[in-house]
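See structure below.
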Amino acid sequence: MKNILCIGAGYVGGPTMAVIADRCPDIKVTVVDINERRIAAWNSDELPIYEPGLEEVVKRCRSRNLFYSTDIPKGIREADIIFVSVNTPTKTFGAGAGKAADLQYLEKTARSIVEHAENGKIVVEKSTLPVRTAQAMSRILHSNTKNLKFQILSNPEFLAEGTAIRDLENPDRVLIGGMETPEGEAAIEELVSVYARWVPRERIITTNLWSSELTKLVSNALLAQRVSSVNSISALCERTEANIDEVTGAAGKDSRIGPKFLKASIGFGGSCFKKDILNLVYLCGHYGLPEVADYWEQVIRMNEFQSRRFVGNMLAAMFNTVADKRIAIFGFAFKADTGDTRESPACSVCLQLLEEHARLNIHDPKALGNAKLDLEGATGEINYLEDPYEAAEGAHAIAVMTEWKSFRELDYRRIFDSMEKPAFLFDGRNILDHAALYEIGFNVYPIGKKALTHF
């Protein structure tokens, strides 16, 4: 039986290994992590992350050919293929602080592999990494005194949280990069043979190592760029009384543009977009391309501008003050169908509102625990509520931050009757029926559209 090890039991490693185990029952898959609580959660009925379909996959495979452990040395010794899926956050200190990726966890993992390996391995970069990181990893791995040979591959993930299991089971593409040597090509084919169990061969793309590493950053940068581009136009639409949905709907009919990621919103969040663009900005500066760095940095600036503009619109609509006013925050996760709040626009909006002395009632179907952690230490009144009706009761305004389907299905007449008047609703995701809300009595402020008010 072939043994696959994944070092790192987070949002990428956990779901990816579960699907590999599910589709390859003859392969033993082990996920290891130094975090004992996280591993205990993977072995329990309460998984550490929420992802639709994940629980069913894990329960099918766990203890059959899918195992979770904190015994990293044992996992390394037994593995044929090692996926490295550790955290690579943006540096907060030293050279490149605020932009460059912090690779200390990656280096520690590489040194751990050297220490415990008893034979050569295929080591797969699964974390999002700067271009040429594999070169540094190779030098560490081959500094061993055991005369062990390692092959390093890049296999970036292209998962969207909320649809990760579906993305893994039916991916648009699987990208595998390796060295252009006979040994490197053999390692690529070894990993190809795993994915080919369920992914059509024409969707498995093989490249050189550096192209694969860069593709991940570029993919996220291009997606984020579309979000920021549309949000910049949403600001213009509001000033000119154009309708952003009509503008993007017509523009998206052009096959060269397409309709995807043309939805105006409060802005993008998540663990990848901002981090990967900052990484790209740093790399461009490092390689002497300041104009390219400035271009991509503007994508992040526009995203931050959108959340500031949203709060500015709230203040302007609510008579230039939200001090001592109760605001119901509907949604804290950065997107629907996940409990992940990393870089969520809701966090930025909440902090800005607290600075204005607003009182917050926060509701989210899956992210309240993470919301409490993110706002720990924030000054002001914050209530975390499981019931959206309770969150809205006595509120002066509702701010929709996440596109949860459940928010479309609420009884807004009941909500309106329970609120202070005039009642305001700021739809940061443009998911609600604004005309119907206006008829109920709300003053409605969408993104990129004319406000519907009773004033």
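Which pairs do you get when a residue that is in contact (Cβ under 8 Å) with a residue 40 or more places away in the chain and open to solvent by less than 50 Å² (accessible area, probe 1.4 Å), found in segment 372-393, comes within reach of a residue that is part of a helix (DSSP H, G or I) and among the hydrophobic types (A, V, I, L, M, F, W, C), reach meaning Cβ atoms under 9 angstrom, with the pair 6+ apart or on two chains? Listed by first residue and then by second, the contacts come to 388/407; 388/415; 392/415; 392/416.
The set of residues from segment 345-382 being within 24 Å of residue 301 (Cα to Cα), within 21 Å of the chain's Cα centre (by Cα) and among the charged types (D, E, K, R) comprises just one member, 374.
If you go through segment 31-47 one residue at a time, do you hit one that is touching a residue at least 24 places away in the same chain (Cβ under 8 Å), under 17 Å from residue 163 (Cα atoms) and crowded, with 16+ Cβ neighbours inside 10 Å? Checking segment 31-47: at least one residue is touching a residue at least 24 places away in the same chain (Cβ under 8 Å), under 17 Å from residue 163 (Cα atoms) and crowded, with 16+ Cβ neighbours inside 10 Å.
When residues in segment 191-211 are screened for being closer than 25 Å to residue 137 by Cβ, modelled with pLDDT of 95 or more and not β-branched (Val, Ile, Thr), 3 of them pass. Does residue 161 satisfy the criteria of being within 23 Å of the chain's Cα centre (by Cα), more than 23 Å from residue 52 (Cβ to Cβ), acidic (Asp, Glu) and modelled with pLDDT under 90? No, not satisfied. Across segment 164-190, the qualifying residues are those that are under 27 Å from residue 117 (Cα atoms) and of a type in the set (A, V, I, L, M), and the one among them that is modelled with the lowest pLDDT is 179. Here segment 134-150 is the region considered, the condition is being of a type in the set (S, T, N, Q) and closer than 28 Å to residue 277 by Cα, and the residue that is modelled with the highest pLDDT is 138.
When segment 161-187 is filtered for residues that are in a loop (DSSP other than H, G, I, E, B) and free of Cβ contacts under 8 Å to residues at least 40 places away in the same chain, the ones remaining, listed by number, are 170, 171, 172, 173, 179, 180, 181.
The helices (runs of 4 or more DSSP H) found entirely in segment 335-443 that carry 3 or more residues being charged (D, E, K, R) are 412-418.
Looking across segment 299-326, just one residue is free of Cβ contacts under 8 Å to residues at least 40 places away in the same chain and among the hydroxyl-bearing types (Ser, Thr, Tyr), and that is 321.
Within segment 12-30, no residue satisfies the criterion of being open to solvent by 60 Å² or more (accessible area, probe 1.4 Å), without any contact (Cβ under 8 Å) to a residue 60 or more places away in the chain and of a type in the set (Lys, Arg).
Count of segment 86-133 residues, restricted to those that are under 20 Å from residue 157 (Cα atoms), of a type in the set (D, E, K, R), part of a loop (DSSP other than H, G, I, E, B) and modelled with pLDDT of 80 or more, is 1. Could you tell me whether residue 145 is open to solvent by less than 70 Å² (accessible area, probe 1.4 Å), in a loop (DSSP other than H, G, I, E, B), farther than 22 Å from residue 195 by Cβ and hydroxyl-bearing (Ser, Thr, Tyr)? No. For the condition outside any helix (DSSP H, G or I) and either of a type in the set (S, T, N, Q) or crowded, with 22+ Cβ neighbours inside 10 Å (or both), residue 152 qualifies. Residue 252 meets each of the listed conditions (1) without any contact (Cβ under 8 Å) to a residue 40 or more places away in the chain; (2) out of contact with any Lys or Arg (no Cβ under 9 Å at 6 or more places or on another chain); (3) open to solvent by less than 60 Å² (accessible area, probe 1.4 Å) apart from (2). Would segment 357-364 turn up any residue that is closer than 26 Å to residue 262 by Cβ, open to solvent by 50 Å² or more (accessible area, probe 1.4 Å) and touching a Ser or Thr at 6+ places or on another chain (Cβ under 7 Å)? Checked segment 357-364: no residue is closer than 26 Å to residue 262 by Cβ, open to solvent by 50 Å² or more (accessible area, probe 1.4 Å) and touching a Ser or Thr at 6+ places or on another chain (Cβ under 7 Å).
Scanning segment 316-327 for residues that are closer than 14 Å to residue 355 by Cα and either within 29 Å of the chain's Cα centre (by Cα) or surrounded by 17 or more Cβ atoms within 10 Å (Cβ to Cβ) (or both) yields 322, 325, 326, 327.
Condition check ((1) surrounded by 22 or more Cβ atoms within 10 Å (Cβ to Cβ); (2) under 25 Å from residue 340 (Cα atoms); (3) among the acidic types (Asp, Glu); (4) in contact with a Leu (Cβ under 8 Å, 6 or more places away or on another chain)) across all residues:
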{"site": "96", "(1), (2), (3), (4)": "no, no, no, no"}
{"site": "102", "(1), (2), (3), (4)": "no, yes, yes, no"}
{"site": "108", "(1), (2), (3), (4)": "no, no, no, no"}
{"site": "136", "(1), (2), (3), (4)": "no, no, no, yes"}
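The values are calculated or read from the model by the stated rules, or taken from the named source; none is laboratory data. Remember, it's a predicted structure, so these values are computed and weren't measured experimentally. Neighbour counts are summed over all protein chains in view; Cβ atoms, including those assigned to glycine, are modelled from backbone coordinates with ideal geometry. Keep in mind that these areas ignore ligands, DNA and RNA; they rest on the heavy atoms of the full protein, side chains included. Shrake-Rupley method; radii C 1.70, N 1.55, O 1.52, S 1.80 Å.
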